[in-house]
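Take a look at the structure below.
The values are calculated or read from the model by the stated rules, or taken from the named source; none is laboratory data. Just so you know, these numbers come straight off a predicted model, no measurement behind them. With ideal geometry, Cβ positions are generated from the backbone for all residues, glycine too; neighbour counts draw on all protein chains shown.
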Amino acid sequence: MLALTLALGTPALAAGTPAGTIIRNQATLEYRSVGGTPEVVLSPPVETVVNPICSASVLPNGTVSAPGQSLTLDPGASGLLRYTLFNAGNTTNTYGLSAVNEAGSEFAPQLAVYQDLNGNGRVDAGEGPLSSVAVRADQTVNLLVQVATTSASRGTAFPNLIASCGGATGGAGRDGDNVSQVILTTPPVLALQKTFTPDTVRPGAETTVNLTLTNTGGDSQPAVLTDLLNTPELRDFVFVSGSARIGGSAAAGAALEYTADGGTWNTAQPGTVAGIRVRTASVPAGGTLQLTFTLRAPRVAATTRRNVATLVSGAQTIEATAPVTIRPVAEIALGPQGNPRALPGGEMSPDDRQVRDSVVGGQEVCFTHTVQNLGDLPDTITTGVARLSEGASVRLRDAAGTPLNGEFVVTLDPQQTADFQACYTYPSPEQTTFEAVLVSRSSQGAAENRTVDQITTVYPNTIGLTKTSDRGQNALVGPGDELTYTLSFTNTLPVPLIDVVVRDPLGVLYPPGTPAPVIQPTAISRPGAAGQTVSQPGSKVASTATGSVTTTGRPLSSQATSIGALEFVRADQGGVLENGEVVWRLGTVQPGQTVTLRLTVRVPETATDGTVIHNIYTLTSRELPTPLVSPPATNTVFNPSNFELSKTSNPTTVVFGEAITYIFTVTNKSTVVPLKNVEIQDTLPAGLNYVPGSSGYRAGLSGEFVPIQPVVRDRTYVWTIPEVAPGASAQVSFRAIVTPDAGTQLRNNAIGRAIASERETNSRPSQVINRVEPLSFGVNNADVVGYVFLDRNRNGVYDYLFDLPCPKARVILANGRIALTDNEGRYHFRNVREQTWGLRLDPNSVALPALQVPQDSGRPGSRQVYVRGLTSVDFPLAPDGGDIAVIRDTTLRITGGPEGAQKTMQVQKQVFTTADAGVYRVQLILGNGQPLPGFTLTDPLPAGAQLVDGENVLNFDPLPSGERAVTYRFRWQGDSKAAVTDPTASWRY
């Protein structure tokens, strides 16, 4: 068997075989001999060398009639045509590149060839332009042909990319059938318009920005419409959130974007908008695109700002400019509180006037006003008083009531308001009217604005406050004692007091040795001669209208610091404890009405001796905003148990004629207050006779008694000790002789009086009892009795049921004993020694003089009688010289007026006979709680009577509140029973 094998050195790859490749060929013959032995025979080798081949392949292919690719551009725009070049040869070849416009092109765009090295489809740096390119065998490269048009270009062009090897004009070395098509569109005609609506605004007002893009040509390329707001002209304008809107036929495909920094754009609106824009893929032929948004103008002075909007579409950039003018307005308003513009009437209308019907002279009356900046810029507004009624004074205060030093000056932002008070004082005691005009002025040049405060009537302050303590003024009180204060005032004004509030600060305590502040009561005045102010009797005129109190009625401690207050116990008529003071809210107090309040307090147990209690109260109302201050009720604390008086006697059992030694011990237990001018008073009972010169005094409880002389008033003996220091004691002693008048027992009482903290205080009475041993002999005793009476028939004898007994008349015995008559006019002296005695009727204890009788020895009211057993002595009194006969007493009561506001008045009529026969006297007492306008009273005379004096017809307009008496006389000869007529009264409502 023969086998022939052809061995090739390398494979044969036809055109793809690299140039220079050697192809070696050798044949091998293999066979087996007859004997079966394999044999191999080799032929001589044959070599072939491959020559280089240059071949170009450019895609896509195309002709003028069938272009390989198409590019549509706007005139003036540029574009790229994409090609690939493949080296179909067997070696690296350098291809010449050229781009030409084929015949049939309607315009000739500029062409340039670039190699797209990174395959991104764009021309990058370092990629051309190229005129040739080296390509390895079997390698493909990407090429770009840039087509540039002019704005004047129109129609279609056919660019062709030609690649060739070494200038080959045909065959495999040249590829020139790569025609593309470039079509120019109809160019868009874009116009941008911008306006502000309105184009003139006030600071802080809003204006709408309107941007309108129109296309009167062909479809546009992608367009971006931008309006930046962070430019120097607009940076202080504020974008109104959510105000941006897109409109027009091209709005459907448009997107709204915002920027906060002018560089980064987002569809979400940021907090601060620095710019706004609209993006769209195209504005079609005949289409429109609109952007509107709102800006708020800054608060600046007058200025004109310009804003530029920009449109970028393809190669086009269009700008649109529009101006906006800011023109601020300056305007201010001044009016009543909460209504500075005085709406609805406006400036100086009734709505710009505040009226108070009535106030009290000397009271500070405050009107609250509001001032407002109605302008566009911050404004400093100055408000003062332009006109003020003569005699009045004014002080401006801020909204909190703090006094201002001069005018009210405030800087307000636009539309901002501020409140202040204008407070007036009008001290005239005469009824008059009052008016003030306030004016506000602007630092921005706005027109002045005015408002009016008016008071229709100013009444003199005639209201008097009284305050008393049940312990008395300046009296001493002890720790734990209760004090009941009586607070009283009468509305003496002709108008009601509205919203009356009485405050009692519960008495301020001041430490021992420190004087309490002098708080003067408010001056009370009433019309006097020639219109002068007359102080109420007993009142002190304060240096100011408010004395020494604050606006809340609390006393000022101008001389000392208080150490506490009294403890509240109870109050009548709804008084309650609020923040350390007792408050009565009394509502309305009518003219003529008297209000009496009672307050009970307790002196703190911790109060030390010498502590001063100073208590006032204040009264306020709508008519009396400045508190009226009552005179103070003052007491001083002193524990009475600290003033101790003890009395001892020796011996305790005596007989007639024996002497008793009495010792008084005064002890001052107080640790701070000395007892001064200590008086020990002892009235010796019957049966004791003082031993002259027996009195002695010693300081302390040891040492010798030194002589001291008492002051003697009848049987009362008074010893005076200059001072007993705190914690010290002193003693006084005397002797007395027991007489047969002593009976079986002697009770001797003594009491001490002293000055503590400039106030009088008493000790508890001290008593000693001495037993008297009876004797076998004594002295006869008698009784003196009698009547004191009005002796109507002047007969000197008490006629029972005819004469009038005189109770509580004082009859004095010659030894100083005093007896008071009972309700039957009787008196009685017991145990009177049988002898001649003198008696005297105290003329100050009876209303009428004693009747002169023979027993008085020419001295009416005196008697000298010998007393023995039961002796009777009467004292007749002389009756009045004439009688008054009242023939009728009539009371007329009238109520009238609308329901819920009725008024009541009363007329009490009395008719009297007189000493002049046929002449009658009439007395009318008129009483009404409220003023009655148009009042008329007619009291008709009997038929035929003649008026002697006075008036029986009265007219008042109005009849003031209160009570008044009217009298007149008439002459009439008729029956006295017919002398009385009934009065009639009427008034207007």
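Mind checking which residues of the range 621-661 are within 16 Å of LEU701 (Cβ to Cβ) and either hydrophobic (A, V, I, L, M, F, W, C) or surrounded by 17 or more Cβ atoms within 10 Å (Cβ to Cβ) (or both)?
Those that are within 16 Å of LEU701 (Cβ to Cβ) and either hydrophobic (A, V, I, L, M, F, W, C) or surrounded by 17 or more Cβ atoms within 10 Å (Cβ to Cβ) (or both): LEU645, SER646, LYS647.
Looking only at residues that are in contact with a Leu (Cβ under 7 Å, 6 or more places away or on another chain) and either in a loop (DSSP other than H, G, I, E, B) or not aliphatic (A, V, I, L, M) (or both) in the range 105-120, which one is nearest to LEU73 (Cα to Cα)? Full working, then the answer.
Within the range 105-120, the first condition is being in contact with a Leu (Cβ under 7 Å, 6 or more places away or on another chain), and the residues that meet it are 113-116.
Okay, now just the ones that are also either in a loop (DSSP other than H, G, I, E, B) or not aliphatic (A, V, I, L, M) (or both), so 114-116.
Working: TYR114: 19, GLN115: 22, ASP116: 21 Å.
My answer is TYR114.
Give all pairs with beta carbons closer than 8 Å in which a residue from the range 824-844 that is surrounded by 14 or more Cβ atoms within 10 Å (Cβ to Cβ) meets a residue that is in a loop (DSSP other than H, G, I, E, B) and charged (D, E, K, R); count only pairs at least 6 apart in sequence or on separate chains.
PHE829/ARG817; GLU834/ARG868
Here are the criteria: (1) closer than 16 Å to ARG277 by Cα; (2) assigned to a loop (DSSP other than H, G, I, E, B); (3) touching a Ser or Thr at 6+ places or on another chain (Cβ under 9 Å). Tell me which single one ASN210 does not satisfy.
ASN210 satisfies all of (1) closer than 16 Å to ARG277 by Cα; (2) assigned to a loop (DSSP other than H, G, I, E, B); (3) touching a Ser or Thr at 6+ places or on another chain (Cβ under 9 Å) except (2).
Checking the structure you have, find out if any residue of the range 736-745 is free of Cβ contacts under 8 Å to residues at least 40 places away in the same chain and touching a Ser or Thr at 6+ places or on another chain (Cβ under 6 Å). Spell out how you get there, then give the answer.
As a first pass, look at the range 736-745 and keep what is free of Cβ contacts under 8 Å to residues at least 40 places away in the same chain: 744-745.
Keeping just the survivors that are touching a Ser or Thr at 6+ places or on another chain (Cβ under 6 Å) gives none.
Taking every residue of the range 736-745 in turn, none turns out to be free of Cβ contacts under 8 Å to residues at least 40 places away in the same chain and touching a Ser or Thr at 6+ places or on another chain (Cβ under 6 Å).
Among the strands (runs of 3 or more DSSP E) lying completely within the range 401-474, list those that include at least 3 residues that are in contact with a Gly (Cβ under 8 Å, 6 or more places away or on another chain).
432-442, 449-459
So ILE183 ticks every box in (1) closer than 30 Å to VAL329 by Cβ; (2) in contact with a strand residue (DSSP E or B) (Cβ under 7 Å, 6 or more places away or on another chain) but one. Which box is left unticked?
(1)
Out of (1) touching a residue at least 40 places away in the same chain (Cβ under 8 Å); (2) closer than 22 Å to LEU813 by Cα; (3) buried (at least 16 other Cβ atoms within 10 Å of the Cβ), the odd one out for ALA728 is which?
ALA728 satisfies every listed condition except (2).
Which of the residues spanning the range 471-499 are hydrophobic (A, V, I, L, M, F, W, C), crowded, with 16+ Cβ neighbours inside 10 Å and in contact with an Asp or Glu (Cβ under 9 Å, 6 or more places away or on another chain)?
Answer for the range 471-499, where residues must be hydrophobic (A, V, I, L, M, F, W, C), crowded, with 16+ Cβ neighbours inside 10 Å and in contact with an Asp or Glu (Cβ under 9 Å, 6 or more places away or on another chain): ALA475, LEU476, LEU483, LEU487, LEU493, VAL495, LEU497.
In the set GLY262, GLY248, GLY253, which member is over 47 Å from the mean Cα position of the chain (by Cα), closer than 20 Å to ALA320 by Cα and surrounded by fewer than 17 Cβ atoms within 10 Å (Cβ to Cβ)?
GLY262
Would you pick out the residues in the range 703-734 that are closer than 16 Å to SER646 by Cα and not aliphatic (A, V, I, L, M)?
TRP719, THR720, GLY727, SER729, GLN731, SER733, PHE734
Name every residue in the range 323-353 that is within 30 Å of GLU233 (Cβ to Cβ) and either surrounded by fewer than 16 Cβ atoms within 10 Å (Cβ to Cβ) or touching a Leu at 6+ places or on another chain (Cβ under 9 Å) (or both), in order of residue number. Give the derivation first.
Our first condition is that a residue be within 30 Å of GLU233 (Cβ to Cβ); within the range 323-353, this holds for 323-331.
Listed by number, the residues that qualify are PRO323, VAL324, THR325, ARG327, PRO328, VAL329, ALA330, GLU331.
So which of THR214, THR197, THR185 is closer than 17 Å to THR292 by Cα and in contact (Cβ under 8 Å) with a residue 60 or more places away in the chain?
After applying the criteria, what remains is THR214.
Take the conditions free of Cβ contacts under 8 Å to residues at least 60 places away in the same chain and touching a strand residue (DSSP E or B) at 6+ places or on another chain (Cβ under 7 Å) and apply them to VAL711. Does it pass?
Spelling it out, VAL711 is indeed free of Cβ contacts under 8 Å to residues at least 60 places away in the same chain and touching a strand residue (DSSP E or B) at 6+ places or on another chain (Cβ under 7 Å).
Could you list, in sequence order, all residues of the range 297-311 that are buried (at least 17 other Cβ atoms within 10 Å of the Cβ) and either touching a Pro at 6+ places or on another chain (Cβ under 6 Å) or of a type in the set (D, E, K, R) (or both)?
Selection gives ALA297, ARG299, ARG305.
Can you tell me which residue among THR425, THR433, THR411, THR380 is surrounded by fewer than 14 Cβ atoms within 10 Å (Cβ to Cβ) and more than 22 Å from ALA333 (Cβ to Cβ)?
Answer to the check: THR433.
I'd like the full set of residues that are part of a strand (DSSP E or B) and hydrophobic (A, V, I, L, M, F, W, C), limited to the range 475-507. Walk me through how you get there before you give the answer.
Narrowing the range 475-507 to residues part of a strand (DSSP E or B): 476-477, 482-490, 497-504.
Residues satisfying the conditions are LEU476, VAL477, LEU483, LEU487, PHE489, LEU497, ILE498, VAL500, VAL501, VAL502.
Residue by residue through the range 799-815, note down the ones that are farther than 14 Å from LEU841 by Cβ, assigned to a loop (DSSP other than H, G, I, E, B) and either among the basic types (Lys, Arg) or at pLDDT 85 or above (or both).
Listed by number, the residues that qualify are ASP799, ASP803.
Here are GLY610, GLY592: which of them is farther than 21 Å from LEU506 by Cα, touching a residue at least 40 places away in the same chain (Cβ under 8 Å) and in a loop (DSSP other than H, G, I, E, B)?
Unique residue meeting the criteria: GLY592.
With GLY253, GLY271 as the choices, which residue is in contact (Cβ under 8 Å) with a residue 24 or more places away in the chain and part of a loop (DSSP other than H, G, I, E, B)?
Result of the check over GLY253, GLY271: GLY253.
Examine the range 404-417 for a residue that is free of Cβ contacts under 8 Å to residues at least 12 places away in the same chain and not hydroxyl-bearing (Ser, Thr, Tyr), and state whether such a residue exists. First the steps, then the outcome.
Taking the range 404-417 as the starting set, the residues that turn out to be free of Cβ contacts under 8 Å to residues at least 12 places away in the same chain are 405.
Then keep just the ones that are not hydroxyl-bearing (Ser, Thr, Tyr); that gives 405.
Within the range 404-417, one or more residues are free of Cβ contacts under 8 Å to residues at least 12 places away in the same chain and not hydroxyl-bearing (Ser, Thr, Tyr).
When the residues of the range 861-878 are narrowed to those that are surrounded by fewer than 17 Cβ atoms within 10 Å (Cβ to Cβ) and modelled with pLDDT of 85 or more, which ends up nearest to ARG833 (Cα to Cα)?
Filtering first and then ranking leaves ARG868.
May I ask you to list the residues in the range 967-989 that are closer than 15 Å to MET905 by Cα and part of a strand (DSSP E or B)? Break it down stepwise before answering.
Of all residues in the range 967-989, those closer than 15 Å to MET905 by Cα come to 983-989.
Scanning the range 967-989 gives THR984, ALA985, SER986.
Considering only the range 276-329, how many residues are part of a loop (DSSP other than H, G, I, E, B) and either touching a Lys or Arg at 6+ places or on another chain (Cβ under 8 Å) or of a type in the set (A, V, I, L, M) (or both)?
Of the residues in that region, 11 qualify.
Taking only the range 46-63 into account, find how many residues are outside any loop (DSSP other than H, G, I, E, B) and among the hydrophobic types (A, V, I, L, M, F, W, C).
First pass over the range 46-63, keeping only residues outside any loop (DSSP other than H, G, I, E, B): 46-49, 56-59, 62.
After this cut, where a residue has to be among the hydrophobic types (A, V, I, L, M, F, W, C) as well, the list is 46, 49, 56, 58-59.
The qualifying residues number 5.
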